[in-house]
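Notes follow once the structure below has been shown.
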């Protein structure tokens with residue numbers, strides 16, 4: 001049995017939980033646990049206690065990418081646990097979001113590697129898929145193969161003193177190999193959910209039957225939203241748990257299209273896969 005508990009998300013199922021713009025999900029399988037992302041703040045710690053999850057026993061963390069709302073909670077976790085942290089080598093880019101055309105920037109990255117290592121972090125950085133636990137893998141670098149999905153145009157990063165377009169090359173998802181096929185967990189899916197699932201199917205030679213997590217469709221253009229829905233109909237997934245950056249409007253659209261296949265994946269949601 002695979003158990004996935006959503007610890008941090010934009011919305012919560014009960015008032016006692018903290019909701020924030022961020023995401024964190026705990027995967028439990030055959031006695032092994034993997035924490036996927038850490039949210040933005042110490043909401044991870046607060047919600048885990050309420051859910052009866054002992055974070056001090058976490059020894060494996062996967063970070064989907066180097067944005068504050070997915071790795072911001074790591075420093076709080078490192079106060080009570082010293083896990084191995086799996087991520088892409090480009091996760092420490094100094095990245096920003098353009099607020100306007102006149103050059104105003106907002107920092108959306110994370111602290112540097114040395115900051116976390118001083119807190120006891122041990123990083124395993126790879127652009128290739130890595131088996132984190134039995135049947136649980138990172139996707140590694142996700143190639144762009146679809147013609148309708150694109151990375152947010154406002155993302156940039158500094159390399160030295162020069163500014164470059166940020167295609168979020170470090171974007172990685174988590175793939176769980178099951179008897180039913182592949183279940184994919186997205187952080188923000190900046191490189192497109194269809195693109196990521198097609199990439200996973202090619203890498204792991206199995207069909208995807210479902211996904212949970214952020215889809216970044218909430219800020220996507222109408223064409224990308226519609227084409228994504230069309231492709232999802234062809235994939236005929238049995239579980240869709242849009243979260244975080246999907247937004248409530250797009251989540252509602254997905255529910256109208258796919259009904260009972262859609263899971264409202266909020267804080268406190270538990271998904272069981274036999």
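Odds and ends about this structure:
- Contact order relative to length of segment 17-176, as percent, for alpha carbon pairs under 8 angstrom and 6 or more apart: 21
- Shape of the chain, Cα gyration tensor, a/c cut at 1.5: rounded
- Its relative contact order, with pairs defined as Cα atoms under 8 Å and 6+ residues apart, puts the chain at 19 percent.
- Order by protection proxy (mean Cβ within 10 Å, highest first), peptides 175-185, 235-245: 235-245, 175-185
- Packing around the peptides 114-124, 247-257, taken as the average count of other Cβ atoms within 10 Å per residue, puts them in this order, highest first: 247-257, 114-124.
- Potential extension, residue 205-residue 222 segment - 0.36 nm per residue separation minus Cα distance: 3.0 nm
- Beta bridges per DSSP with both ends in the chain, % antiparallel, nearest 5: 65
- Extension gain, residue 57 back to residue 144 (0.36 nm per residue minus Cα-Cα distance, nm): 27.7 nm
- Three-way shape call for segment 126-274 based on the alpha-carbon gyration tensor, with the a/c threshold at 1.5: oblate
- Gap separating the Cα centres of segment 8-71 and segment 195-274, nearest whole Å: 20
- Length released on extending from residue 16 to residue 163, taking residue separation times 0.36 nm less the Cα-Cα span: 48.7 nm
- Sorting the segments 23-35, 65-77 by their residues' average number of neighbouring beta-carbon atoms within 10 angstrom, most packed first, yields 65-77, 23-35.
- Classification of segment 77-120 by its C-alpha gyration tensor yields a prolate form. The axis ratio a/c (a ≥ b ≥ c) is 1.5 or more, and a/b outweighs b/c.
- Taking label points 7 Å from Cα along the Cα-to-Cβ direction, residue 238 and residue 179 give a separation of 1.1 nm.
Read-outs: derived from the displayed coordinates by stated rules, not from any lab. Worth saying up front: this structure is predicted, and the values here are computed from it rather than measured. Neighbour counts run over all protein chains shown; Cβ positions are idealised from the backbone, glycine included.
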